[in-house]
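The values are calculated or read from the model by the stated rules, or taken from the named source; none is laboratory data. Worth saying up front: this structure is predicted, and the values here are computed from it rather than measured. Heads up, the Cβs are rebuilt from the backbone with ideal geometry, glycines too, and the neighbour counts pull from every protein chain shown. Keep in mind that these areas ignore ligands, DNA and RNA; they rest on the heavy atoms of the full protein, side chains included. Shrake-Rupley method; radii C 1.70, N 1.55, O 1.52, S 1.80 Å.
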Amino acid sequence: MARILIVDDDAEALRHAAAAACSLGHVVVTAAGGEAALALLRNDRLLEAVLLDLVMPDLDGMAVLDAIKRDHAGLPAIVMAPPDAASAALRAGAVDFVEKPVGSVRLGLALSNALRLAELEAQFRRAPADGTADFITTGPAMARLRASLPKFARSSLPLLIEGEPGTGREHFARQVHAAGPRRAKPFVICDGEPDDLDACLLRAKGGTLFVREIGRLSPTMQRTLLGFLETGAIRQPGAARPTRLEVRLIASSAVRLVDLARAGEIEPRLFDRLNVLPAFLPPLRERREDIPFLARRFLIRHAAGMGRRITDISPAAMQLLAAHDWPGNLRGLERAVRCAVALAASAGLEPIDFPELLAARDGRDGLAEAVRIPTPVSEPVQLERVTPAYKQTEGAGAAPDRFLTAAGEVVGLAEIERELILFALGRHGAHMTRLARTLGIGRSTLYRKLRELGLDGGAMDSAAGEPATAARKRAGVG
């Protein structure tokens, strides 16, 4: 359970909220105002969430919320306010709101979501910024690759990483670089642009050169790279002698290098030099057991980055993700989760937040049914030819209008008044003061209307001692 700070200048409301939090097993610390809350926040570093009233005389809840956002990043705040008043607080950074009097069930849900969100954001802050954490795996498909990573990192031999687009070849190359003795030196990426290889090798001096899609290098660049691998040096224009460089080469290819060699797209000697330390990244469809972890990792990253309070993926949505073949692999999964986070309307991702996946699984008709969208028309429609919805329902069993008689005539005002007063009597009983206030008229006017409408109101006021049920019966109600 968590340590919760509850802030309210209303002693009774504070006691009630604290009792609700304690009943859930939380440890409660209370403050009777905004200034006292800030003092506790400065001195108590064990607080895990704040339950905050918005209206306080010394320092209001919005000011406390600003201080939390500024000085206590990651500490979730829940405000005690009705929805209309809470909307500004939610825009200012509050994670949720509860209405007074605070109920333990609603408070329990709000605190559970807030604490989970705080943990997810903490995980995001601890995760490496370069995305290498995406290579943590729970399944066997990448177990051998993970076990080989220290060997790859220690070696100075060229490393060849093969795998489909989107499997994370660059991320894996970065992880190898970061785990090896060259971690403090440059990690330089070469995209195979003309005359780019020598410049990249010079920039990568002492570090690692990562060549994307080795098969796309021109024959000239392949020969330059082969010369470097054989001699450890490059020839610069105008230089009297070759320039020796200490650079680790990591190459990647979306096509198996042996197939490129057979097709004549790779120099045979370059193939021999590169094919000494191979690593293969399996596609996501062959490591489905990792999809839930990866999806949640992407959810944490993008929800925190967008400031969205989205904390989980529903079982149905996770099943949809796990069943997809992901031709774009990790890149496709991340894009789908990022789009879902941006557009989601609730605190958890649902299947409807992944429309492309629903369409792939169920077809367009299934997607249309899921989102309840109308079937597209095959040709333009003129507005003047469209039948209004209210005309479409006429004569088709539409509900009768309460202001029309059975003959279709408008009901008289006296009858409408009678029905309204009978309805109010049934709702409020024979309490004349409350009834008059509800109808927006004076008591004397109410008594007069009761007499005019044939409703005896002479002794219906509960202050006169008549039970409300008897008064309603005598008035023709109930």
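Values as computed for the structure displayed
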| item | result |
| --- | --- |
| Test result for residue 290, part of a helix (DSSP H, G or I) and without any contact (Cβ under 8 Å) to a residue 24 or more places away in the chain | no |
| Some residue of region 52-72 being open to solvent by 30 Å² or more (accessible area, probe 1.4 Å) and under 23 Å from residue 105 (Cα atoms) | no |
| Matching residues, region 1-33, being of a type outside the set (A, V, I, L, M) and either open to solvent by less than 20 Å² (accessible area, probe 1.4 Å) or part of a helix (DSSP H, G or I) (or both) | 8, 12, 15, 16, 22, 23, 33 |
| Identity of the residue in region 293-319, within 18 Å of residue 283 (Cα to Cα) and open to solvent by less than 10 Å² (accessible area, probe 1.4 Å), that ends up modelled with the highest pLDDT | 295 |
| Number of the exception - residue 204 against (1) open to solvent by 30 Å² or more (accessible area, probe 1.4 Å); (2) closer than 28 Å to residue 268 by Cβ | (1) |
| Check on residue 193, open to solvent by 50 Å² or more (accessible area, probe 1.4 Å), in a helix (DSSP H, G or I) and either at pLDDT 90 or above or acidic (Asp, Glu) (or both) | no |
| Some residue of region 355-368 being at pLDDT below 85, open to solvent by 10 Å² or more (accessible area, probe 1.4 Å) and in contact with a helix residue (DSSP H, G or I) (Cβ under 6 Å, 6 or more places away or on another chain) | yes |
| Criterion violated by residue 104 - all others in (1) surrounded by 14 or more Cβ atoms within 10 Å (Cβ to Cβ); (2) touching a strand residue (DSSP E or B) at 6+ places or on another chain (Cβ under 9 Å); (3) farther than 21 Å from residue 33 by Cβ satisfied | (2) |
| Count - residues of region 73-97 that are assigned to a loop (DSSP other than H, G, I, E, B) and either within 16 Å of residue 5 (Cα to Cα) or open to solvent by 30 Å² or more (accessible area, probe 1.4 Å) (or both) | 7 |
| Residue tally, condition part of a loop (DSSP other than H, G, I, E, B), in contact with a strand residue (DSSP E or B) (Cβ under 7 Å, 6 or more places away or on another chain) and of a type outside the set (A, V, I, L, M, F, W, C), over region 34-56 | 2 |
| Criterion violated by residue 152 - all others in (1) modelled with pLDDT of 90 or more; (2) part of a helix (DSSP H, G or I); (3) within 20 Å of residue 331 (Cβ to Cβ) satisfied | (3) |
| In region 332-343, the residues that are more than 18 Å from residue 116 (Cα to Cα) and buried (at least 16 other Cβ atoms within 10 Å of the Cβ) | 332, 333, 334, 336, 337, 338, 340 |
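Yes/no matrix, rows are residues, columns are (1) in contact (Cβ under 8 Å) with a residue 40 or more places away in the chain; (2) open to solvent by 10 Å² or more (accessible area, probe 1.4 Å); (3) among the hydrophobic types (A, V, I, L, M, F, W, C):
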{"residue": "175", "(1), (2), (3)": "yes, yes, no"}
{"residue": "180", "(1), (2), (3)": "yes, no, no"}
{"residue": "183", "(1), (2), (3)": "no, yes, no"}
{"residue": "212", "(1), (2), (3)": "yes, yes, no"}
